[in-house]
Every structure is written in structure tokens, then in C-alpha cells.
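Worksheet: one structure, shown below.
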Amino acid sequence: MKKSSARPWILIAASLVLSAAMYAQFSIIPQPQSIVTGSGVFTLTGNSVIIASGAGLKAARYCTAMIARNTGIRMVITNDGSPDAGVILFQITNGSAFGAEGYSLAVDERVIRIAAATEAGLFYGAQTFGMLLPSDAVHQRSAQGAVNIPGCRIIDSPRMPWRGLMVDAARHFFTVDELKQFIRVMALHKLNMLHLHLTDDEAWRIEIKKYPLLVKKGAWRSSIGFGFPADASTAYGADGKYGGYYSASDIKDLVAFAAEHCVTIIPEIDIPAHSRAALAAYPSLSCKSRDGLWCPGNEATYAMLTNVLAEVVDMFPSKYVHIGGDEIGRPQWWLCPSCKRHVLEARRMRDDDNLQRYFHWRIGRYLVSRGRIPLGWDEIADGDISVPAAVMGWRSAEHGYRAAQNGHDVILTPQEYCYFDYYQSPYGEPKANGDVLSLKTVYGFDPVPWLLESIGPRILGVSGNLWSEYIPNYRHLEYMAFPRAIALAEVGWSVKRDWDDFQRRLAVHRIRLDVIGVNYRR
């Protein structure tokens, strides 16, 4: 009896050991939903070809460049031919099981097949294929004629549709080329939403042709450093020693580049607070209740902001436009004659919160009329703004869950898990904001705990925030983002996660980061 009862446990233990051994040869990040190992290997050589056409060409072009960069093997793309030996085949299929971003990847001795229902799915399949390349070949950047790819079948799709990062380009400026490099690294990890924080107290970073002073005055200050919070004497310097902005042509170029990498750019114009730079250029629109706040009682405020947003909407195809809405505080709007006369008294409003909601309603209504969805920080959900709006839950995950329960679509970016401007450890780190946010803590974030599964469909995804008060240059931006953003990518993509296995895969993955020159935290 004891003998026979022990046998199943022995078989289970052996199976687990075998499973671990099979997975150990793969170091894919984010972890795919399903990996089944196969027999044999596919040998990649200079004689191998890629077959692709139409919607498969984007992924095919990316794949050839990635193979050349990582192994030295240069391949050609053809749209003619059958899947004979030595072929990588990209196929668009009608399989609804793939969804908008899913894919399958099958490797045998003769052919590598990557199939998906969309361009994005094929692109992510190509990213996963790149992580099947052996680390020694990638490390040496020379395959000496051939690379062996292990046989396997992968079926994969993301847990969440929104997997993003926010870059604060207002406090410190990052060039178009630097943002392109950031997009490349995002795409490697299947991160698909780049939220650009373009305006704040410290600068206005986007050209608005109708209001040239926004960048002529608001995009420059006297030095690279500033106090926190910045005040007018340090934020805007006539000498223009430090700053920059994105022209309309810059934005067009950046949006197109991002689209090639399956990344959508979400613009943020942070209003009504965090607006000293704009109001330094156009002071007549400042509220008399508090410095740095657009006046919601002045009709000229809405005229200017809708004109600004009209140009923003024309530049960015994203269906979401971020309008800020955070940290307004208690501005005592009744001290402003315009607010008191034109809104509080005329509309019989009883408190400041109603005036704040009125402002968001006016701005949100305009965006909806342009076919866009207003997106804001979780303060906009503290009351009913009477327009459909999505919410970024930053003050805590609970603020996001509450917004979801009230009917908003939500992106979770709680500071306790997603503020990558926080210190990475208690010791030996450069100056940063806030508390300590470790890699392990980020990886442990569960966006939809089982007790809240009923609101799961309202949780669109996750986003990591890189506020740049203490991030003065691009190299430091990478240092603060990675590898924490890599952990968050797996949180947003993978249903099943394991911290120990992630550490193992990340150790191999660092070689890939070295090859493309990422200044990640060691």
C-alpha cells in the first residue's frame, strides 16, 4: 500500500524537475502564457530567409535588424516561396484566439512559424523569437556562421491591454532621439503605452502654433537644476540656459517611430494646476485664488485651452488625451472675483469641489466632441464630471479600484508600486524622490486581486511613472527605469509569475540590455 501510494508522488516530483529543466533553457521576458519544448533545433545561418508580406513586413524588418545586431547574421526578406528548410515565416491569421496582441511561435528543425491576427501580435512574436537566441551568441555578437534555436511551441497573449511608462519631460528635457531609444527598450519588453508628461510648473514642452509664447518663454529656465517645488525665480530664465521643446514635426516623427514599434504615445497637458510655465507666458489667465492655477471662472481660459487641445489632438492619434487634474489642493476659488461671479454664484455652486468638477467637465466635454477620451489622475474621479473619462490611480491602488467601482476605466499607477523616481535601495543610490521601491516590490504588484475580480474588466492595465525632478539626463532615466520597468512589464503581460524564476531569466536578459547599451541598475 505504501509502495503504490508513493509512486504518484515520485512521478509528480520527477515531472516538476523535468518541467523546471525544460523552462531553464528559456529566458523570455515577459514570461509567455504557454511554452512546450520540442525535439531538435533550428539552425539559423546566412542562408536562412524570412518570408513575409503585407502586415507581416513590420515584424520581419524588425527581426532581420535584431538578428544582425545580436548575431552578425544578415538575412533577406522575401514574399515569395514556400516554407522549406531554413525559413522564418510570418503569417497573419484570422484566429480570434490570438486577440489584438497575441501570437504563436513554433520552432522545429526546418521552419520557424510566427502567427498572429495583427501586426502587433507578429511584432511581439518577433520580440520573443529574439529571446530564443542563445546568450553566448548575443554576448559575442558573432554567430560564426550559425545559431541553434531550441525546438518549442509558444502560445502567448497579454494579461492587460495597457502596459505603459510615463516620462516627465517637463522637469527635465529629453530629446527626440533619446525618447526613440526609450521606445526601443519599451518595445523589447512588450510595453505599449508611452505617456508623455509635456507640461508642468517647470516647463511647457510642446509647440502650440496659436500660442508661441508657451515655448518661447515657458520651455526655458536659467539652469538645469531647480528647487522643489520650483518657483518663478528659478524656473524661467530669460537667458535660456536650459530647456527645449518638441515642435509639431518632432511630434509627427516621434509618433510614427512609436507606431513602428507598436507603442502609442499619450500626451499630457497638466491642468488646471501644475501650470506656472504656461501662466508665466499668459498671466492674464491665472486664477487670483492661487499662483500657478488656470482660472476656471474666466471664459478666456476655456478658449485658450480648447485651442491648445485642438492642436494636441491633431498631433497625436491616441484615443486618450491626459488632462492632469492632480494636486489642485484647496485653492479658495471664492477669493477670485471671476470664479465667484461667473461660476460659483451664477451656477449656485456650494463648494470648491464643484468648481473643480465644472472645469474638468468643460475640458472633457471638448475632448469627447473631438472623438477622444479624457484621461486624468485619480482626483478627477473624486466627483462626477459627467463625461466618460479614464482614470490613472496614483495616490494608491485603492483610489484606482474606487474609480473602477464608480464606472471609470482605470490604469493603475500607484506610487507604492509604480513610482520609478523613488530610491531603488536604502543605500548607495543617487538623489531621488520619495521612499524606497525595490525591484521585488514592483514584481509583487497584483493589479487585480481575486477579491476585486468583479472590477477586473475596468482595470485596463498598469503604468510606471518617471517623474524627473532628480532625473537630469537620459542615462539616469534608464538607470531609474530599468530593471523595475521590466518587472512591471511582466506584471502587465503574464498571468503566472514567479519571483525566483524572474530573477533567473533577468540574469540572462541583462546580456541583451548590454548589447543595446541600456544603462540599467546593476
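General observations
- Percent RCO, i.e. relative contact order, over the chain, from Cα pairs under 8 Å lying at least 6 residues apart: 14
- Protection-proxy order for peptides 290-297, 322-329, each taking the mean of Cβ atoms within 10 Å per residue, highest first: 290-297, 322-329
- Taking Cα centre as origin and charging only the Cβ of basic (Lys, Arg, +1) and acidic (Asp, Glu, -1) residues, the dipole magnitude of the range 27-156 rounds to 260 debye.
- Sorting the Cα pairs of the range 389-522 by distance into bins of 5 Å, from 0 upward, gives 2, 10, 19, 20, 19, 14, 9, 5, 1, 0 percent per bin.
- Rounded to the nearest 5, the antiparallel percentage of DSSP beta bridges internal to the chain is 30%.
- Full-stretch length increase - Arg365, Asp435 - with 0.36 nm per residue and alpha-carbon distance subtracted: 21.5 nm
- Crossing angle, helix 57-71 versus the chain [Cα axis fit, 0-90 degrees, rounded to tens]: 70
- Total charge dipole magnitude, the chain, about the Cα centre, Cβ charges on Lys, Arg, Asp, Glu only, Debye to nearest 20: 500
- Projected label points at Asp498 and Ser135, each 7 Å from Cα along the beta carbon direction, are separated by 1.7 nanometres.
- Share, in percent, of DSSP beta bridges within the range 27-156 that are antiparallel, nearest 5: 60
- In the chain, the longest principal axis of the Cα atoms and the axis of helix 248-260 are about 30 degrees apart.
- Euclidean distance of C-alpha centroids, the range 275-335 and the range 480-517, integer Å: 38
- When the Cα gyration tensor is reduced to axis lengths a ≥ b ≥ c, the ratio a/c is 1.5 or higher for the chain, and with a/b above b/c it is classed as prolate.
- Look at the Cα gyration tensor of the range 278-337: its axes a ≥ b ≥ c give a/c of at least 1.5 with a/b over b/c, and that counts as prolate.
- Using the average count of surrounding beta-carbon atoms within 10 Å as a protection proxy, the listed peptides 190-197, 33-40 rank, highest first, as 190-197, 33-40.
- Computed lengthening from Ser454 to Val36, 0.36 nm per intervening residue step minus Cα-Cα distance: 147.3 nm
- Sorting the segments 306-312, 87-93 by their residues' average number of neighbouring beta-carbon atoms within 10 angstrom, most packed first, yields 87-93, 306-312.
- 0 to 90° range, to nearest 10: angle between helix 176-188 axis and the chain longest Cα axis: 40
- Under 25 Å from Lys440, Cα to Cα: lysines that are on another chain or at least 8 residues apart: Lys190, Lys431, Lys496
- By the count of neighbouring beta-carbon atoms within 10 Å, fewest first, Met186, Met131 end up ordered Met131, Met186.
Coordinate-derived values only; no laboratory data. These numbers come from a predicted model, not from an experiment. In this analysis, Cβ positions are derived from the backbone assuming ideal geometry, glycine residues included, and neighbour counts consider all displayed protein chains.
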